[in-house]
Amino acid sequence: MSVFPQLSMKSEVREHLCNVYTRKEVVSELDKDEVFEALLSCLSHPPLFTCLRASTHLHPLQETQHRLERHLEQQKRAPAVYTHPQLPDVLLLPVHGPRHVDLLAAEVIVGAQCGNAVLRGAHVFTPGILGTPKYMKVGDMVSVFSDVEGKCTRGAKEFKGKKVFLGNGVSEVDRSELFCSDGPVKGVAIRMTEPLYQSPSFDGVLTDEVFLQNLPSVVVGHVLGPRPGERILDMCAAPGGKTTHIASLMGNQGTVVALDKIRSKMEKIIQNAKMLKLDCIKAYCCNSIHAVSSDPAQENSADAPCSGLGQRPNMTYSWSLKEVCSYQPLQRKLLTTAVRLLKRGGVLVYSTCTVTLAENEEQVAWVLKTFPCLTLEPQVPHLGSEGMQGAGLSCDQRRLLQRFRPELVWRGARFAHSPENFLQNANTDTIGFFIAKFIKNGKKFTQA
């Protein structure tokens with residue numbers, strides 16, 4: 001059942017999305033008019049499973065699987081660990097929930113972002129805490145709630161605003177350590193013992209062997225299909241999930257240039273590359289829009305900045321319609337640069353973690369019209385749905401696209417956790433995501 005309210009957003013953004021998802025061609029395509037309501041409901045709940053990408057450039061998948069199973073047994077948590085039937089470097093763990101958990105008298109309030117992480121298996125770290133009981137001490141059992149509207153004042157002793165229950169845990173710090181003049185202590189503040197959605201925490205677990213990554217994001221690397229010795233450019237690379245995956249698929253042989261315009265994010269890419277023992281990654285602090293060179297890349301991954309409306313779980317979306325619509329022109333600037341950098345015969349993969357038509361299918365239609373040197377290519381593997389109608393693309397063109405649409409299978413209830421049923425639904429109950437793959441031929445283009 002749905003245990004959380006639908007994703008909350010500004011009325012102008014809701015109306016904008018509703019106009020896309022309830023238009024005649026979309027409704028008739030799905031033969032049901034509740035798709036938009038299903039979308040808002042599923043986005044506020046976590047996916048069916050936890051996806052781990054294994055470092056197959058270092059260890060065979062089965063060895064990593066066995067080590068992970070032994071680790072979980074030692075932690076007295078032994079969920080099944082499945083290999084993905086179509087992705088040779090993916091491990092899947094079922095998420096169990098919603099579970100029955102009794103409320104406690106003592107309440108801790110955390111920020112929405114922290115709350116989202118808790119629903120994916122994380123403990124509560126000190127920066128995420130907004131309010132606690134007045135006399136909270138180490139060892140106290142508390143119920144954890146997420147402030148979904150961002151209205152709780154930091155340091156609050158109680159909170160009467162809109163909140164959702166995430167589960168129970170034990171405090172590992174005193175309140176005085178959280179809200180002191182010197183700033184909060186670092187580390188875990190609340191260790192979740194009875195989460196509403198049960199999934200293991202992977203903080204510090206097999207750090208060079210597994211990497212938490214959403215399944216559609218892993219699909220991007222396989223769709224690109226990099227080979228040892230190639231040069232790849234990742235234009236918006238932080239935090240480095242796709243970058244390190246590409247390098248791993250290349251066997252750490254070749255060059256992966258990773259760009260991000262924010263230095264702290266670029267440093268995170270370097271940190272992840274070092275952790276995963278990948279030295280073929282070269283990270284630079286650079287605005288990709290201006291990254292034009294006379295030395296074209298063989299292949300190009302344009303993981304575009306986007307409105308992020310496909311992320312799960314997410315209970316509140318605070319951006320305005322103006323902010324949501326600002327990404328389309330930015331993405332087009334990035335795509336223009338990507339085409340200039342791409343050599344003839346090179347591959348361009350464009351992906352977003354959003355559900356809007358403007359940032360996905362409309363961008364593909366614009367690319368095909370603006371750059372006759374690009375043609376759509378089939379994607380392998382193709383685990384998602386085809387592209388949506390409404391952007392003027394033909395049926396054949398939409399079949400070449402890959403859109404992950406969790407709303408199509410959302411029923412407000414969890415699937416049974418038999419291996420057959422679980423793996424059957426593993427490709428559908430994901431975050432909202434979009435992938436397009438192009439190849440560059442010899443035709444010239446004129447910038448629009």
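The values are calculated or read from the model by the stated rules, or taken from the named source; none is laboratory data. Computed from a predicted structure; not experimentally measured. Don't worry about glycine lacking a Cβ; one is built from the backbone with ideal geometry, like all the others, and counts go over all protein chains shown. The protein model used for the area step is the full one, side chains on, heavy atoms only, and it has no ligands, DNA or RNA in it. Shrake-Rupley method; radii C 1.70, N 1.55, O 1.52, S 1.80 Å.
For a quick check of your reading: which strands (runs of 3 or more DSSP E) sit entirely within the range 239-309 and have at least 2 residues that are modelled with pLDDT under 95, acidic (Asp, Glu) and surrounded by 20 or more Cβ atoms within 10 Å (Cβ to Cβ)? So the answer is 297-303.
Restricting to the range 183-219, name every residue that is of a type in the set (S, T, N, Q) and open to solvent by less than 20 Å² (accessible area, probe 1.4 Å). Of everything in the range 183-219, those that are of a type in the set (S, T, N, Q) and open to solvent by less than 20 Å² (accessible area, probe 1.4 Å) turn out to be SER199, GLN213, SER217. For beta carbons closer than 7 Å, sequence separation of 6+ or different chains, a first residue in the range 325-337 that is over 17 Å from GLY308 (Cα atoms) and in a helix (DSSP H, G or I) and a second that is open to solvent by 60 Å² or more (accessible area, probe 1.4 Å) and at pLDDT 95 or above, there are no qualifying pairs. Tallying residues that are part of a loop (DSSP other than H, G, I, E, B) and either hydroxyl-bearing (Ser, Thr, Tyr) or open to solvent by 10 Å² or more (accessible area, probe 1.4 Å) (or both) within the range 133-172 yields 21. Among residues of the range 200-217 that are more than 17 Å from PHE404 (Cβ to Cβ), those with a Cβ under 6 angstrom from a residue that is of a type in the set (Lys, Arg) and in a loop (DSSP other than H, G, I, E, B), sequence gap 6+ or separate chain, pair up as PRO200/ARG77; ASP208/LYS277. One residue alone among LEU52, LEU61, LEU7 is closer than 23 Å to SER320 by Cβ, of a type outside the set (Lys, Arg) and at pLDDT 90 or above, and that residue is LEU7. Number of residues in the range 91-108 that are β-branched (Val, Ile, Thr) and either modelled with pLDDT under 95 or open to solvent by less than 10 Å² (accessible area, probe 1.4 Å) (or both) equals 2.
Residues of the range 36-77 that are farther than 22 Å from VAL218 by Cβ and either charged (D, E, K, R) or surrounded by 15 or more Cβ atoms within 10 Å (Cβ to Cβ) (or both): PHE36, GLU37, ALA38, LEU39, LEU40, SER41, SER44, ARG70, GLU73, LYS76, ARG77.
Close Cβ contacts (under 8 Å, 6 or more residues apart or on different chains) running from residues in the range 363-385 that are closer than 28 Å to PRO85 by Cβ to residues that are open to solvent by less than 40 Å² (accessible area, probe 1.4 Å) and among the small types (Gly, Ala, Ser) comprise LEU376/ALA436; VAL380/GLY225.
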